[in-house]
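The values are calculated or read from the model by the stated rules, or taken from the named source; none is laboratory data. Keep in mind the model is a prediction, meaning the values are calculated, not measured. In this analysis, Cβ positions are derived from the backbone assuming ideal geometry, glycine residues included, and neighbour counts consider all displayed protein chains. Areas reflect the complete protein model, heavy atoms only, side chains present, ligands, DNA and RNA absent. Shrake-Rupley method; radii C 1.70, N 1.55, O 1.52, S 1.80 Å.
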Amino acid sequence: MIRRPPTSVAAGGVACAALALVLFVQTGCVTVVTPPDPAVLQEPTTVYLVDHQRHSSLMLPLGETEGGVLREYAYGEWAWFAENSTSALRVPGVLFLPNQGALGRADHAAVAGPEELRARNGFEAVHELRVEAADVRALLERLDLRFESRIDTRIVIPEVGLDFVKDDRA
């Protein structure tokens, strides 16, 4: 007869809780993006969704023509994102408590497409989307106003490649 070492109910409960937490965290950052039907776009332009591994960004074209400067915007928790305070002990508070928001911004030179953008910047993945240019202009205007309204809180984080301002939306 094979004897197995006794296992406690507590150890089993801890293992189940740890597994549930891992599954929750892994699925907690998933978003499905459905781009508009290209056939209905009256003035199409290209935007990029960028995966940096630790965060995602939206890159929007500046100006009226394709192939110009791209403005990157990202959003996250201030201490984690802007101050790089990424201790594992902070994770529950970052995920489950209201915190100071951070709006990040950077400008990038024009690219020929997503592969050049990924290679040039070392991004994990770049997704190209065709959207309505008027919507992009309106979004840029709102984000630029939001960023500029808090310019007095601006910090520059070269390691991340973004300038951050505090954002009131937590």
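Within segment 131-170, count every residue that is part of a loop (DSSP other than H, G, I, E, B), under 13 Å from Phe81 (Cα atoms) and of a type in the set (Asp, Glu). Residues that pass the stated criteria total 1. In summary, Val156 fulfils each of the numbered conditions (1) buried (at least 16 other Cβ atoms within 10 Å of the Cβ); (2) modelled with pLDDT of 90 or more; (3) among the hydrophobic types (A, V, I, L, M, F, W, C) with the single exception of condition (1).
Just one of (1) more than 17 Å from the chain's Cα centre (by Cα); (2) more than 17 Å from Gly68 (Cα to Cα) fails for Arg120. It is (2).
Can we say Leu145 is touching a residue at least 60 places away in the same chain (Cβ under 8 Å), out of contact with any Pro (no Cβ under 8 Å at 6 or more places or on another chain) and either under 25 Å from Thr46 (Cβ atoms) or among the charged types (D, E, K, R) (or both)?
Criteria not met by Leu145.
Restricting segment 40-56 to residues that are farther than 21 Å from Trp80 by Cα and open to solvent by 90 Å² or more (accessible area, probe 1.4 Å) leaves a set whose member that is modelled with the highest pLDDT is Gln42.
Tally up the residues in segment 91-120 that are open to solvent by 30 Å² or more (accessible area, probe 1.4 Å) and over 20 Å from Leu140 (Cβ atoms), please. Final tally of qualifying residues: 15.
Within segment 74-95, is there a residue that is outside any helix (DSSP H, G or I) and within 29 Å of Val40 (Cα to Cα)? Within segment 74-95 (the criterion being outside any helix (DSSP H, G or I) and within 29 Å of Val40 (Cα to Cα)), the answer is yes, since at least one residue qualifies. Of the residues in segment 67-77, at least one is among the charged types (D, E, K, R) and open to solvent by less than 20 Å² (accessible area, probe 1.4 Å).
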